[in-house]
Amino acid sequence: MTKTNLNLEMSCFQLTLNKKINVHCMQIYPFIDIINQYPKDIMDWNLQKKLKHRRSGSLLQKFGTEIRREIMSSKRKLHKWSIDFIGHGRSKSDKQVQVADIRAPVGYTENTGTITEQSSKDTDQKLIDKRSWDIALGPLKQIPMNFFIMWMAGNSISIFPIMMVGMMFFKPIQAFISVQNTFVMIEGSQAYVQKFIYIFGNFVCLALATYKCQTMGLLPTHASDWLAFMDPQKRMEWCGGGLVF
Amino acid sequence: MCGCKMTMTGKYLLFLSFLQSLLLSFGLYEDQIGKFDWHQQYVGKIKDVFWDQSFHAGKRLLVSSEKHVLASVHSHNGSLAWRKVLEEGTRGQIDKTLHSGNVLITINGGGRFVRKWNPGNGVADWDISLPGSKNDRADIVQCSKDLVAVMVQEAVLGLETRSGKQKWSIALPQSNQVVFTHLALSGTNLFVIGQSYGQQITIVTVDVDGVIKSTQSVTAPWLTSNTKCVVSSGGFLVCYRHEDQNLLTLNLADGQTFKSTSLQILGLEADDGVTIETQKKADEPYIFLRMRKDHIALLEIASHGVKLKKDLPNICAAQIASLDAQSMLFTLERLTGELKMRAYDLNTGGEMAELYQTITYLPQHGFPHTMEVLLFKKRDLRLGCRFAILSEDFSMQLVLKTGKIAWRREEALAYVLSVEMIDLPVSENQAKYEDEFGSHRDDIATMYMKRFKTQFSQLKTYIQQQLQKLQGHRHHHHDIEAMAESGSEDEDEELTRDEFNLNKLIILVTGAGKIYGVRSTNGHIEWEHFFPDLTPFNRYGQQKLLLYVQRTTAHFPNPPQCTIVGKHKATGNGLLFSFNPISGEAVDTPSTGQMLNFRIVQAGMLGELDDHFLRGILLLDPNDQVHVFPEKCSSVLKRTYRSQFLFVADRDTGFINGYRTLPLQKTFSMEKVWTVNLHKKQQTITQVVGKRPLEQVHSQGRVLGDRSVLYKYLNPNLVVVVTEGEIQEQSQKGPSSFINLYLLDSVTGHMVFHCSHRRAKGPVNLVHSENWVLYSYFSQKSRRHEMAVLELYEGKDQSNSSAFSSFSSPRQPLVLRQSYIMPLYISTMATTITEKGITSKQLIFALRLGGLLALPKALLDPRRPLLPTQETMEEGTIPYIPELPVNAEAIINYNQSLFNVQGVYTSPAGLESTSLVLAYGLDLYFTRIQPSKMFDVLKEDFDYFFISVVLLGMFVVTIVTQKLSARRALSRAWK
């Protein structure tokens, strides 16, 4: 297994050399340091980015002693070499050390990363609010659609309308069940209002489904619906007789 | 116009599709024939029996019965070779049957029809109609090989035997008083005997060529219509005068006066019911005088008087048969459990020992009264005989081999009056289970032990059953033939309830005074009882024998109990017999029945059960005293007398009286609380129909199209009184008849509803169930049979949902009604009944054509709309079409025609979907029907194999795909 994997890795490596980089080659990690020794412009920036996300310690242990040694030396701070390519980790000192070693790829500017980071930090709160409002208003936004479906489904009781009604019931109920998870996502100053609106919207959806059931005649609201549960009347008098024998 | 047409077409299409869906369920597959149903054919009480002497000599018996049936019976097994059921009413009655050699001729309907039948296949060779007699007296004799003479009231006719062509005809001298009763042949002369009661006897002598030779009169001032007269062979008229117990004889050829012989002189003691029996076959002038059921005297008649040839005490049936000019007298003597048959040579008077035999004979057949002997010479030239025995209980038995009854036909089953179907008892194991819950006094340990024991025994029987099954399959094939030979008794397994309680024991009470317990699985008789003294109540031709189920099988360990209420033949007082319907054993009453010392006017059942779950019977005597049977139930009545009522409708007076019970010191009396006068002068009460007392109604109302509820008016005390009458209408020429229906609360006498049909005639067939009444009548106006239905509703609110009391009954119910055209003539009808009353109802009509037609109640629903709307479609009502559809698939007895159906009894089975049906009359037919299809059981053609293969396949596929997908996921993970 190891052999084949190595072969695979080798082929991957060859691919990298031929500038046809397969980003799905996970097995390439052990060779990263080798890659690093090659001129940086051969390396695709994208590959580096991918490699950052595909950290895997266990695989690394299986490979050749030299590589292993290299890796082992930095095992504790495995993220270090990934930071190599991104350039902004949490540990500033590490970055400083590594960045010094590696030259930036062609067309890479340190500034761009920082710029985006700063701008997103500014809009974060806005986005969170927007996102929260999206979540909160989601159920309410479905109502016109539900109305349309209700109208389309008609009042006859057949499999299709029943499925529709089932879905209409299912969605809000599901939302109620996973309401904790949803509330985690809702953050920001208006969280309480949003939560309330979210719940309210789901209630409206539920009410709509109930109304649909009502129009379809599925709700036991009439006396006729309880008729089957009525006990027969008790007989108070007994009478026999007939024509004279 | 066009739109209207469209809607009409649409309506019909809708209706047709609805019908299709309704009626498809009734169909029966060919291989299901005889699977759930059985059919038994009877002929009724046999009047005449002959040994077939034509092609099937000795192999068949020809019988004619008082139920207007002519039939041929196979002598080897008693099955019918053919059967001809003649018309109902007087038109079809068989006055006389003539059989000799190859000729079988009947006269029906008082000489209206003379028919010659082919004895081999029952085909009518010819049929002629004659004017008929006013008093239904007709006679026939065979003069020669190709001439028969027929006497009707006005004339004597000579008919050619081959073709029925009239050779000659003589008008008989008519006067007001003379009634021609007998036609006799002596030598070459025909004697026509006319009786003028209180005056004289007229004898008209006719030549075989149709020439009146002489007419003479003999004074007979003692002659009444009750005088029994016969013409014996040899040309003697013999009359028995009851008043002074004299036999009067007259020689028809030359006699001028009657010669009288006292029975005392002959040494005979006469009872009340002395009858004279002639001998068809003997040439000598012998007659039998029957003194009692078991005493016969053989008399010889000569011109100087009557001579006692042989006194036959203890003999209940006798016959003279001759072979090769040797006349023999055969006698039957009944001893306990057997019959002794002796034969005497008439010339020497000595007994013929070679023909003597004893035959095992069950006591429940009563006394034999007729025997029909076939004498023959065996191969070794010794004499042999076969004979048929007709007994008091209408049964016919045949002795083929010496000393053994080959078969019997229980013809009493053609006279069924009351039917009940009783649940079979649960199996022994099940009974133990029930026992466990029955006692409440046990502590936990004993209950646990009991439970353990029961379950252990259950396991044991299960294993035993499985073992038996394994072994049984091997033996089975050998046993089939053996079983077929040993007869029906041995093959029947013991009486235990089946899984779905579909098999019952049918209790049949017959007008012959015989009661049967019959298995519903195959129609075999489980037990039988014969009460010679029991007769039905008979009022205006309506025969009634009441059968009450006092305790059902449900109350283990108390055995079930039924009681028959009838009339004692001699005294007219009540006669009761209680028995265990499963075993047939008598309970509480002696095995011959308990005779009461009062006449029964009406009877009913108590509403409440006693401590042992027994429901008492109330018997009303003519002095308004009430008797409770059994006596021990009086305590129940004492407790609940306030809620116990009785009503009596008197056809003679037109009054209906309602009574309440009042306790006296020890007895009970009835106090009249209401009276309804239905004016006897204008109309007569023909029927009073209540509901079945223990009917279950599941749904208390009816759901309408707008989802509101129309509550049913379910008055358990409601009875329907039908009256018929005639009124003289001015516009009409003749009187026009009418029918009135009164719906009466039998507790309070409150008239709930009344309706009248003008120009309509009975007979009214009526079904009263739940909240509806369905009845049929003949509409004279449109000359067709019509069906009308009434449905009663309380309205949209229910006044009291928990109890129904007639004293606080809801306001006048809403009555919906509709009528329909019944395209066929029906003889009776009934409705299905199911365990819980959830299944929709079906109506079963017994058609005169021989079918049993089952129609859903939805077709006879007064809410059927004239114009269907959205709302009515929502409600599920079928648009109104006056004609009721008769679909061949709705005939539940497929091609097994039933004749003269007197009633249809339905009973619930353990399955809610199923109702058991028994049609009785001349035939018995049992089947089961599912009015709403079989919704609670898989159909028997359900493909278990296919389903299990599919399931198994799916299971395998699931496992395989799971494995595959796991592998794939892994390999994908490695990529």
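The values are calculated or read from the model by the stated rules, or taken from the named source; none is laboratory data. Predicted model only: the values in this text are computed from it and were never measured. Cβ placement follows ideal geometry from the backbone for every residue including glycine, while neighbour counts extend to all protein chains displayed. The accessibility values were calculated without ligands, DNA or RNA, using every heavy atom of the protein model including side chains. Shrake-Rupley method; radii C 1.70, N 1.55, O 1.52, S 1.80 Å.
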Any chance you could look up the accessible area of B:ASP271 with a 1.4 Å probe, heavy atoms only, rounded to 10 Å²? 70
Have a look at region B:591-638 and report residues whose accessible surface goes down by 20 Å² or more when the remaining protein chains are included, against the chain on its own, probe 1.4 Å, ligands and DNA/RNA excluded. B:VAL601, B:GLN602, B:GLY607
Determine ³J(HN,Hα), in whole Hz, for all residues of region B:774-787 in sequence, where each value follows from phi through the Karplus function 6.51 cos²θ - 1.76 cosθ + 1.60 and θ = phi - 60°; x replaces Gly and Pro. 10, 9, 10, 8, 9, 8, 6, 5, 9, 6, 7, 8, 10, 10
Chain pair A, B: total accessible area buried, heavy atoms, 1.4 Å probe, Å²: 3500
Enumerate the amide H contacts of B:CYS143 below 5 Å, restricted to partners 5 or more residues apart or on another chain; note that Pro and chain-start residues carry no placed amide H. B:VAL148, B:ALA149
In nm, to one decimal, how far is the modelled label at B:SER635 from the one at B:ASN597, with both set 7 Å along Cα→Cβ? 2.5
Across B:LYS116/B:LYS167; B:LYS514/B:LYS544; B:LYS544/B:LYS761; B:LYS145/B:LYS228; B:LYS45/B:LYS377; B:LYS432/B:LYS460, pairs whose alpha-carbon gap is larger than 20 Å: B:LYS544/B:LYS761; B:LYS145/B:LYS228; B:LYS45/B:LYS377
Karplus-derived 3J(HN,Hα) from phi for region B:374-383 (6.51 cos²θ - 1.76 cosθ + 1.60, θ = phi - 60°), whole Hz, x at Gly and Pro, runs 10, 9, 8, 9, 6, 5, 8, 6, 7, 7
What are the residues whose amide H is under 5 Å from the amide H of A:CYS239, where those residues sit 5 or more places off or on another chain and H is modelled from the backbone? B:PHE645
Of B:ALA388, B:THR360, B:LEU374, farthest towards positive along the dipole that unit charges on Lys, Arg, Asp, Glu beta carbons give region B:355-397: B:LEU374
How tilted is helix B:2-23 with respect to the longest principal axis of chain B? Cα atoms for both, answer in degrees (0 to 90, nearest 10). 80
Tell me, what % of the accessible area of chain B is carbon and sulfur with a 1.4 angstrom probe? 52
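Return the FRET efficiency for the residue pair B:GLU695, A:SER178: r is the Cβ-Cβ distance, R0 is 51 Å, and the value is rounded to the nearest 0.05.
So, using R0 = 51 Å, E works out to roughly 0.40.
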If one takes the longest principal axis of the Cα atoms in chain B, at what angle in degrees, from 0 to 90 and to the nearest 10, does the Cα axis of helix B:444-486 lie? 50
Residues of region B:682-713 with accessible area at least 20 Å² lower in the all-protein-chain context than alone (1.4 Å probe)? B:VAL688, B:PRO693, B:HIS698, B:GLN700, B:VAL703, B:ARG707, B:VAL709, B:TYR711
Just to verify a number: what accessible area does B:LYS404 come out at with the full protein assembly present, 1.4 Å probe, Å² rounded to tens? 130
Could you name every residue in region B:642-662 that has 20 Å² or more less accessible surface in the full protein assembly than in its own chain alone (probe 1.4 Å, ligands and nucleic acids excluded)? B:SER643, B:PHE645, B:PHE647, B:ALA649
If the chain between B:TRP168 and B:LEU28 were fully stretched, how many nm would it gain, using 0.36 nm times the residue separation less the Cα-Cα distance? 44.9 nm
Please list 3J(HN,Hα) in residue order for region B:583-600, calculated via the Karplus relation 6.51 cos²θ - 1.76 cosθ + 1.60 where θ = phi - 60°; whole Hz, with x for glycine and proline. 8, x, 7, 6, 10, 6, 10, x, 6, 9, x, 9, 8, 8, 9, 9, 7, 9
Kindly identify region B:87-216 as rounded, prolate or oblate by the Cα gyration tensor criterion: order the square roots of the eigenvalues as a ≥ b ≥ c, call it rounded if a/c is under 1.5, otherwise compare a/b with b/c, prolate if a/b is larger, else oblate. oblate
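For chain B, what is the accessible area per residue in Å², given a 1.4 Å probe and the full set of protein chains?
Numbers: 45820 Å² over 975 residues.
Accessible area per residue: 47 Å².
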Could you report the accessible area of B:HIS182 in Å², rounded to 10, computed with a 1.4 Å probe on the protein chains as they sit in the structure? 30
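How do B:TYR711, A:TYR108 rank by accessible surface area computed with a 1.4 Å probe, from largest to smallest? Don't skip to the end; give the middle numbers.
Numbers: B:TYR711 25, A:TYR108 60 Å².
Greatest to least solvent exposure: A:TYR108, B:TYR711.
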On a 0 to 90 degree scale, rounded to 10, what angle separates helix B:944-974 from the longest Cα axis of chain B? 20
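Compute the signed sum of charges (Lys and Arg +1, Asp and Glu -1) over the other residues within less than 11 Å, Cβ to Cβ, of B:ASP706. Numbers along the way, then the final one.
Working: positive: B:ARG707, B:LYS796; negative: B:GLU871, B:GLU874, B:GLU875.
In short, -1.
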Note down the net charge around A:TRP133, summing +1 for each Lys or Arg and -1 for each Asp or Glu among other residues with Cβ under 14 Å from its Cβ. +2
Positive end of the charge dipole of region B:898-975 (Lys, Arg +1 and Asp, Glu -1 on Cβ, about the Cα centre): tell me which of B:ASN900, B:LEU922, B:PHE935 has its Cα farthest that way. B:PHE935
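What does the net charge come to around B:SER578 if you take all other residues with beta carbon closer than 13 Å to its beta carbon, with K and R at +1 and D and E at -1? Write down the numbers at each step before the final one.
Numbers: positive: B:ARG551, B:ARG615, B:LYS632; negative: B:GLU585, B:ASP588, B:GLU631.
Cβ neighbours under 13 Å give a net charge of 0.
Rounding to the nearest 20 debye, state how big the charge dipole of the protein assembly as shown is about its Cα centre with +1 on each Lys and Arg Cβ and -1 on each Asp and Glu Cβ. Could you put the intermediate results ahead of the total?
Numbers: 133 positive and 118 negative charges, 1054 e Å.
For this selection, approximately 5060 debye.
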Order B:SER932, B:SER64 by their accessible area, 1.4 angstrom probe, all chains in place, largest first. B:SER932, B:SER64
Would you grab the residues whose amide H sits under 5 Å from the one on B:HIS68? Only those 5+ places off in sequence or on another chain, please, with H modelled 1.01 Å from N. B:ILE94
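For chain B, what is the calculated [θ] at 222 nm in deg cm²/dmol (nearest 500), taking -39500 (n - 2.57) for each run of four or more DSSP H residues and dividing by its residue count? Write down the numbers at each step before the final one.
On the way: 8 runs with 128 residues, N = 975.
Value at 222 nm, helices only, nearest 500: -4500 deg cm²/dmol.
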Which value, in debye to the nearest 20, describes the size of the charge dipole of chain B about its Cα centre when Lys and Arg Cβ atoms bear +1, Asp and Glu Cβ atoms bear -1, and nothing else is charged? 2000
